Each structure stands twice: as C-alpha cells, then as structure tokens.
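The values are calculated or read from the model by the stated rules, or taken from the named source; none is laboratory data. From a predicted model like this one, the values you see are computed outputs, not experimental measurements. Virtual Cβ from ideal backbone geometry, glycine too; neighbours counted across all protein chains shown.
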Amino acid sequence: MLKHNFDKIDHYLTATKQYWHYNAFILNDYPSFSGNNALINFLHSIDDNKLLSYQQNPASLYPLLKQFIPELLNISDSLFDIKSNLLNNHIDAPFWLKKGIKGRKWVQVDQFSNYIEGTLPILEWCAGKGHLGRLIHYKTKNEISAVEWNDELCNQGLQLAQQQSISQPFFVSNVLLGEASQLLSKKQHVVALHACGDLHVHLINGVKKALTEKVTISPCCYHLTEHDNYQAVSSYALQQSQLLSSITLSKQDLKLAVAQQSTSGERQTQLNDQEVWWRLSFDCLQKELLQTEAYLTVPSFPKTLLSNNFRDFAEWVTAYKQLDIELPTDLSVYLAQGQVRFNRLRRSELVSQFFRRPLELWLIYDRALSLQEAGYQVKISRFCDANITPRNLLIQASR
C-alpha cells in the first residue's frame, strides 16, 4: 500500500511539476507555468480581498483553477486524506506536567503521546527539555531517556524531571555527528516530535542499523539538510520515482512542503509579509545599483529591524553583504517595485499551495518506505488536526 500511494503521488507531482517546481521569490514576474497565459491572466485579475479569501479558503478557489489546470486535484482529494490511527487510550495529564509548555505546543505533545503503547524503554530524540518523554512516562510508566545537543535545554529538562520526581537521564549529543548512535538499541522505542531535516533522517538510518524495535516520528523542515539537492531516503524512491528522474528537488522545493503557516497569529502573519516585501524591495534596489540580474540571497536577520524602517533594513543588508553601493535618498521607488513583486508572489502561491500536502506526503512515504525496506511494519497517520500544527503526519514503525 505504501508503494502504491507513493507511486500515485509521484506520478501526480511529475505531471504537474510546472505548477510548483519554481522559485517565485527570485522571479521579477509570474512563473511561466509552461506558457499557461490564461492562468497568469486569471491570477493577475484577483484583487486583494479575493486574494485573502482564497488564502484562507482554498476550496473556494479550486473550481476556478481547475479550469486552467485540468489535472489539478483538490486538497481534500482522497489521495491526500490521511486518517487518524488513534486507539482509545487517552489519559488526562495533571497540571504540573504542563509547566513551561505553551498551549498549542502542549496539545501537540499530548496528542502525540497518545500513540505510544507497550512497555519498551523510551528514547526521545532531539528532546529539547524532554516534555514529551515525561508525559509518555506518566501515561505508560515506561522508562525514559532523552538525547539533545543543547546542554542548557538538557539542564532545564533535568531540573523539571527532578521537580516532578521522574527519572529521566539526558545525553548531550550532536546527532548529526553520529554522537547519539550508541544510544540506539534493539529493545527500545525511539520517539521524535518535529525533529528537523537531517535530524530525523539520521534517526531513521540509526534505528535501521540498531534494529530498534519501535520508532514513532513526526518529521519536519525537510529543507534543513546539508545537501544542496534532495537525497532519497528509500531505495524505492531512488530507483522508481519518475519525479526524481525528471527534475532535481531543491531546498526551495522542500520548503514548499512546510510552507503552510495556518497556526500563525495575525501579527506574525503581518511581520512575515513585511519581511518578504522588504526582501523583494532590496533585491530590486541591488539589481539596479549593481547593474545585475542575479538575485541576492539575504540571510536571517534580527527581527527587531522590522520594527524600524526600510532604510535601516537596507543599511543592515548592505553592511552584512559588504556591498559597494550608496543607498539613494529616496527608497520609495524600490518599495513600490517590491510591492508589485510581492503581489505577484502571493498570487502565484495560490497555485503552489495545492501542492504542499502532496509534496509533504511524497517525502513522508519516502521515509516510510525506507523503514519498510529494513523490515519494519509501517503505518502513516495524523496525530492531531492541522489547526494545532500543519506538521501533523506521523510515522509508526515496528519490527
């Protein structure tokens, strides 16, 4: 069944790659969509009120886009519908276990923990302060331990465990350097909630070598990898994927899979929009002043700059990138150019948003197939609703 579903999604993404395999951020205009000018004209005709409506309710946009993209599947299509696999084993936790955990994060931890059964010792991978492990221990009484690279988080987690009279050893290890491999063993259940990119790939490879009996993970941030382009996790994807044989998946493609931000508040959404607008505006500025068509990558920056003005932002980027330019007195023209590009970007995303979940599922199936190839029985399910976290897919594997 895993191979069957992977193949169907693989074929779909391959057939529609012209509608999602591009980096709209670096383009000065709309993506070409392989010459689908009718689609571009439709996107350009969408006013700001309609844009917001379609962003919040993609289902209302689907029949309109379907006219221009006949092969487009709805987000709610059965191919992308992953069911919850939860058994009736929910246990309410006491208030003291929730100490230091924000509301939505607590719900994620709580609902993830409901999927952990059996008596095997629990190792929490990339555990942070170990909240998940302690909750699992409360619900199952299983022995728990934690691996985390940040020693300060380990110290805080250890203090919380001691306050709650829970035995929870913390191991300070950089899993990317293989320092945690010796912690993996046969008689063990390894869990990881939102271990990013290479962190969860190292876990998958590690448990396969250790023949670990059970693993339960919810992957996240697939683009956080040392590789410039995507490296298939399973042999099946490497050998059978039409998608990988026709294109190279870039980090930008992988970002698309986690681009949904449905849990962001209004203020955070406004700041995100402002950051994108300013980045595009600065790109317009540097292209003119440096007489280049090349996009200039701007790294993460102190978000306090967003509370200032665009000039402060432009001065910071100029200094950081050591650009030999002098900023004009009037920067409003570049802000206006950036706004035009921002408007096109957001309208282009109305199309690409329909491919976020399919691409994320393709990546999830690749990881599940890798475990299946190693002799595991694997289930894929949802551990919580998307309004709690869009990254709600769960891989459960047992030998």
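Only one of (1) surrounded by fewer than 20 Cβ atoms within 10 Å (Cβ to Cβ); (2) hydroxyl-bearing (Ser, Thr, Tyr); (3) touching a residue at least 40 places away in the same chain (Cβ under 8 Å) fails for residue 248. Which number is that?
(3)
Grab the helices (runs of 4 or more DSSP H) fully contained in the stretch 183-261, keeping just those with 2 or more residues being among the β-branched types (Val, Ile, Thr) and farther than 30 Å from residue 25 by Cα. Steps first, please.
On the way: elements: 198-210, 235-240, 242-246, 251-256.
Qualifying helices (runs of 4 or more DSSP H): 198-210.
Sort through 15, 38, 93 and tell me the only one that's touching a residue at least 24 places away in the same chain (Cβ under 8 Å), farther than 23 Å from residue 253 by Cα and touching an Asp or Glu at 6+ places or on another chain (Cβ under 7 Å). Spell out the reasoning first.
Working: 15 fails: farther than 23 Å from residue 253 by Cα; 38 fails: touching an Asp or Glu at 6+ places or on another chain (Cβ under 7 Å).
Result: 93 is the single residue among 15, 38, 93 that is touching a residue at least 24 places away in the same chain (Cβ under 8 Å), farther than 23 Å from residue 253 by Cα and touching an Asp or Glu at 6+ places or on another chain (Cβ under 7 Å).
Is it the case that the stretch 320-334 has a residue that's within 17 Å of residue 28 (Cα to Cα), surrounded by fewer than 18 Cβ atoms within 10 Å (Cβ to Cβ) and in contact with a helix residue (DSSP H, G or I) (Cβ under 9 Å, 6 or more places away or on another chain)?
Going through the stretch 320-334, the residues within 17 Å of residue 28 (Cα to Cα) turn out to be 333-334.
Those left that are additionally surrounded by fewer than 18 Cβ atoms within 10 Å (Cβ to Cβ): 333.
Next, only the ones that are in contact with a helix residue (DSSP H, G or I) (Cβ under 9 Å, 6 or more places away or on another chain) stay: 333.
For the stretch 320-334, residues within 17 Å of residue 28 (Cα to Cα), surrounded by fewer than 18 Cβ atoms within 10 Å (Cβ to Cβ) and in contact with a helix residue (DSSP H, G or I) (Cβ under 9 Å, 6 or more places away or on another chain): present.
Being touching a Phe, Trp or Tyr at 6+ places or on another chain (Cβ under 7 Å), of a type in the set (A, V, I, L, M, F, W, C) and either buried (at least 21 other Cβ atoms within 10 Å of the Cβ) or free of Cβ contacts under 8 Å to residues at least 40 places away in the same chain (or both) narrows it down to one residue among 146, 127; which is it?
On the way: 127 fails: touching a Phe, Trp or Tyr at 6+ places or on another chain (Cβ under 7 Å).
When all the criteria are applied, what remains is 146.
Quick check, is residue 382 surrounded by 23 or more Cβ atoms within 10 Å (Cβ to Cβ), under 17 Å from residue 192 (Cα atoms), touching a residue at least 60 places away in the same chain (Cβ under 8 Å) and basic (Lys, Arg)? Can you show your working first?
Values: surrounded by 23 or more Cβ atoms within 10 Å (Cβ to Cβ): no; under 17 Å from residue 192 (Cα atoms): yes; touching a residue at least 60 places away in the same chain (Cβ under 8 Å): yes; basic (Lys, Arg): yes.
No; evaluated as a whole, the condition is false for this residue.
Being in contact with a Phe, Trp or Tyr (Cβ under 8 Å, 6 or more places away or on another chain), of a type outside the set (A, V, I, L, M), at negative phi and free of Cβ contacts under 8 Å to residues at least 60 places away in the same chain, is that true of even one residue in the stretch 209-219? So that I can check it myself, show each step before the final result.
If we filter the stretch 209-219 for residues that are in contact with a Phe, Trp or Tyr (Cβ under 8 Å, 6 or more places away or on another chain), which is where we start, we get 215-218.
With the extra rule that they be of a type outside the set (A, V, I, L, M), the set shrinks to 216, 218.
Then keep just the ones that are at negative phi; that gives 216, 218.
Pick out the ones that are also free of Cβ contacts under 8 Å to residues at least 60 places away in the same chain and you get none.
No, the conditions are met nowhere in the stretch 209-219.
Any residue that is among the aliphatic types (A, V, I, L, M), touching a Lys or Arg at 6+ places or on another chain (Cβ under 9 Å) and within 21 Å of residue 257 (Cβ to Cβ) - is there at least one of those in the stretch 78-100?
Yes, some residue in the stretch 78-100 is among the aliphatic types (A, V, I, L, M), touching a Lys or Arg at 6+ places or on another chain (Cβ under 9 Å) and within 21 Å of residue 257 (Cβ to Cβ).
Just to be sure before I move on: is residue 276 within 20 Å of the chain's Cα centre (by Cα), under 22 Å from residue 27 (Cα atoms) and assigned to a helix (DSSP H, G or I) in the structure I sent?
Values: within 20 Å of the chain's Cα centre (by Cα): yes; under 22 Å from residue 27 (Cα atoms): yes; assigned to a helix (DSSP H, G or I): yes.
Yes, satisfied.
Considering each of 369, 323, 363 in turn, give the residue that is farther than 19 Å from residue 56 by Cα and in the same structural domain as residue 62 (by TED's automatic domain parsing). Write out each step before concluding.
Working: 369 fails: in the same structural domain as residue 62 (by TED's automatic domain parsing); 363 fails: in the same structural domain as residue 62 (by TED's automatic domain parsing).
On inspection, the qualifying residue turns out to be 323.
With the condition being under 22 Å from residue 225 (Cβ atoms) and modelled with pLDDT of 95 or more, I'd like the helices (runs of 4 or more DSSP H) fully within the stretch 285-399 carrying at least 1 qualifying residues. Quick ask: steps written out before the conclusion?
On the way: elements: 310-320, 332-352, 356-373.
Per the criteria, 332-352, 356-373.
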